[in-house]
Structure formats: C-alpha cells, structure tokens
Amino acid sequence: MINMSNLNTELKEANIKGEEISTPNAKSKSKMAPKVVMRLENLSKHFGKFVAVDNINIEVYEGETIGLVGPNGAGKTTTIKMIAKLLRPTSGQILVLNKEGDLQPLNGKSKDLVKFGFLIDQPFFYDMTAYQILRYFARAQNYPKKKVNARIDELLKLFKLLDWKHHKVNTFSKGMRQKIGIIQSLLVDPQIIILDEPQTGLDPKARIEIRGTIRELQRQGKTIFVASHMLHEISEVCDKIALINNGKIIAFDTIENLEKNLKEKELNCQLLDPVPLEDLDAITHRLTEKLESYIDSHEHTEGKKHLKYNPEKQTFKIFYDGKRESRGEILELFLSEFKSTNKIISFTQPKTSKLEKIYLEMITEDAPRDGGG
C-alpha cells in the first residue's frame, strides 16, 4: 500500500518548488490577482492543406493544471509540440511569462523565460544509462554543474529508480522509461510543466504515484499542462479542461462549469441488498413519481426513463436537474424508501462519468480526420 505522507515528504526533500520570479511584489504574490503565465493567441498549424490546429485561444494562470482532452487526430500533440518549440506555428503566437513578470513571445530569447519542463508522448532515449541520460538533459538546460548529481539522485529516489541509476534504459520496462521521461521534465525545477500522456505504460500503482506527484507540484504553485486520453486521471488532477476536436477548442472551463451544459446529470444510489424482483416495479413507480419535480424540464419527455436499476450492482441510476439542493432531497427520498427494508451504502455523482458525458456530448460527430495529433 502506498504511503502518501512518505511520498509527499520525498517530494519536498527533492526540492520540487516554484521558481521565484523577480517582480517588485514577489513577497505578496499570494495577495495578488492570478498571473497569466501562458497565452495561446489565434494559434494555427497547417501541414500542406491539412489544418491540424485551427485558431485556438487559451489563457493559463499561474498554479493552474489544465487538461487537454480530445480524440485521436484532434490536435493535442501538435499543440503540445508547438509549446515545446518542436513545431513552428503557421500563424498566431504563444506568449509565455518571463523572469521580469511579463508575457513575451515564445520564439524570443529563451533565457529570459521562466523554466519549462516537457514530457513528450512516448519519449525515445539513446542506449545509455539513466544517469547518463539525465545528466545530459540537465547540462543541456544549464542546470548548475555542482548540483546535477544530487538532483538526479533525489528524483531517481522519488520515482523508486535509484537502484537502476547505472543500468541502460533499453533494459527498462515501458513504465520505467516513462518515469525517466517525467524525471527529465522536472530536472531543472521548472515553473511550467508540459506532460503529454504522462500515464502511458504505467501500472495502477505507478499511476497513483504520478497523480500524487502532480498534486504536490500543484501545492507548490507549478503550472501544469496535461494532454491525456485517460479521462479519470484528467478529472482527478486538473482545474480546467480544454476540449479539442478537429483542431479547434470547443470548450474550456472547469469540470463543474462544463457540467452545467450537460443535457443530463446523474446520481448513483447503491444498496446493500438486492431489490426483490417482485417489489421492483412498485418501488420504481413510487420513486419515479417522487422524482418528477427534480427532472430538468428540457429533458422531461414522455416515455423517457429517469430512474434505472442495475440488479448486478444493486444500484439505482437517477437522471435529474443537476441542482445541488436536489441531490440532498433525492437522497432523503431514497433513505425514506429503504429505511426499513434495505440500507444505502453509496450515494454518489461520479466525476469520471461526468467528464465522459461532457466529452461525448461536446465532441462533434464529424468523421475522424486523418493526420494531426
């Protein structure tokens, strides 16, 4: 079992902290309005006649964790590569915070910008040891020479790879190579961290550890940009979601605000014991009548079921108007219904389910296009 307190202690010992920006009011930063650290302005990328990224606009504030979500070919990786300066935009620009506290074009003087860390999807490494690879990346980014070895050891220990320090990476599992990619993105203690599919190749235990790492980085004020297909991971760690499809941003907001646009909101009520088959129709009829006032008027269509029972999971699925006060009142209805015949062991509105619904409802039904990332 993972000891999260030990993980957090190791993170702090690894000196993963925000880069100080030399502004006159740096000491009172917590009292200042949120600072924009990155802005994508009318950003586009064409490959011949194919438009991979189409005039997108995103503003990212200091300390935010942004999730970039979309189907294959939507433009996620192309966007990440433009931020990483691996691709040059066809038009538009990327503005990034500099050490003076102002925004400047990404293609300006890199030494003036706050530090970046990048993990590109499916990183490739030469046939070298973990130490040799990480030392190369540290020196390439001008990390202080006298601190390189200690920094490498700190991060290898954090990701439980210290014993593999002098082993060649071609002997590593896919998950271990992915961890090396994440380590190199954190080497120089960057203020802005870009992670493209960070959970690729990781087992469940390692995913939990990476999630813990991201949360600790959030607490320390890092700004994080995550592109992922794993909706559960996105929902667990991100403050805002940018939904991208056919190269365009079709929604950009918090999960809670995006959920307000959902056509249906869902609750799950799990019982301790199965509902007897001979009682199910009567119970469903009673509950359906009592739930009438909690159904969204736009979704109140004749013949549509707003209450469904799954006998295998002993769970009622309720579709309702999404109001906070409705959730409490619906719970009271179910407690009253089953107070003498059963017990409610779970009453939830799953975040993963919400994000999946947001994703499916907002992604257009256009046929998948070829190309793009």
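Quick note: the coordinates plus some simple rules give every number you see, no bench work behind them. Here the structure is a predicted model, which means the values were calculated and not measured. Neighbour counts are summed over all protein chains in view; Cβ atoms, including those assigned to glycine, are modelled from backbone coordinates with ideal geometry.
What the table below lists for this structure:
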quantity	calculated
Cleavage-rule hits, trypsin sites (Lys or Arg not before Pro), the range 67-142, DSSP coil, Cβ neighbours within 10 Å at most 15	LYS85, LYS109
Integer Hz, Karplus 6.51/-1.76/1.60 couplings in order for the range 165-176, x for Gly and Pro	3, 9, 9, 6, 5, 5, 8, 7, 6, 4, x, 5
In Hz, Karplus ³J(HN,Hα) per residue of the range 312-322 (6.51, -1.76, 1.60; θ = phi - 60°; x = Gly, Pro)	5, 9, 6, 10, 8, 9, 10, 9, 9, 7, x
Long-range amide H partners of LEU87 with built H, under 5 Å	MET82
Estimated distance in nm for a label pair at LYS111 and MET128, the labels positioned 7 Å out from Cα along Cα-to-Cβ	2.3 nm
Within the range 4-253, percent of DSSP bridges classed antiparallel, to nearest 5	60 percent
ASP153 paired with TYR136, simple spin-label distance in nm, labels 7 Å along Cα-to-beta-carbon	2.3 nm
Sequence-distant residues sharing a close amide H with PHE47 (under 5 Å, placed H)	ALA52
Pairs beyond 31 Å (Cα-Cα), from LYS147/LYS248; LYS160/LYS260; LYS49/LYS174; LYS85/LYS260; LYS111/LYS147; LYS248/LYS317	LYS147/LYS248; LYS160/LYS260; LYS49/LYS174; LYS85/LYS260; LYS248/LYS317
The range 227-234 - phi-based ³J(HN,Hα) in whole Hz, Karplus 6.51/-1.76/1.60, Gly and Pro as x	9, 7, 8, 7, 4, 4, 5, 4
Neighbour-count order for HIS232, HIS166, fewest beta carbons within 10 angstrom listed first	HIS166, HIS232
Sorted by Cβ density within 10 Å, fewest first, the residues MET82, MET362	MET362, MET82
Antiparallel DSSP beta bridges within the range 131-279, percent to nearest 5	50 percent
Residues ASP102, ASP189, sorted so that the one with the fewest Cβ neighbours within 10 Å comes first	ASP102, ASP189
Computed E for LEU331/ILE208 - FRET, C-beta separation, R0 30 angstrom, nearest 0.05	0.55
Computed FRET value (nearest 0.05) for LYS168 with ALA84, which takes r as the C-beta separation and R₀ as 35 Å	0.85
Protection proxy ranking, peptides 145-154, 281-290, average beta carbon neighbours within 10 Å, highest first	145-154, 281-290
Simple spin-label estimate for LEU280 and SER91 in nanometres, 7 Å along Cα-Cβ	5.8 nm
Contact order relative to length of the range 4-253, as percent, for alpha carbon pairs under 8 angstrom and 6 or more apart	30 percent
Protection proxy ranking of 332-342, 173-183 - average other beta-carbon atoms within 10 Å, highest first	173-183, 332-342
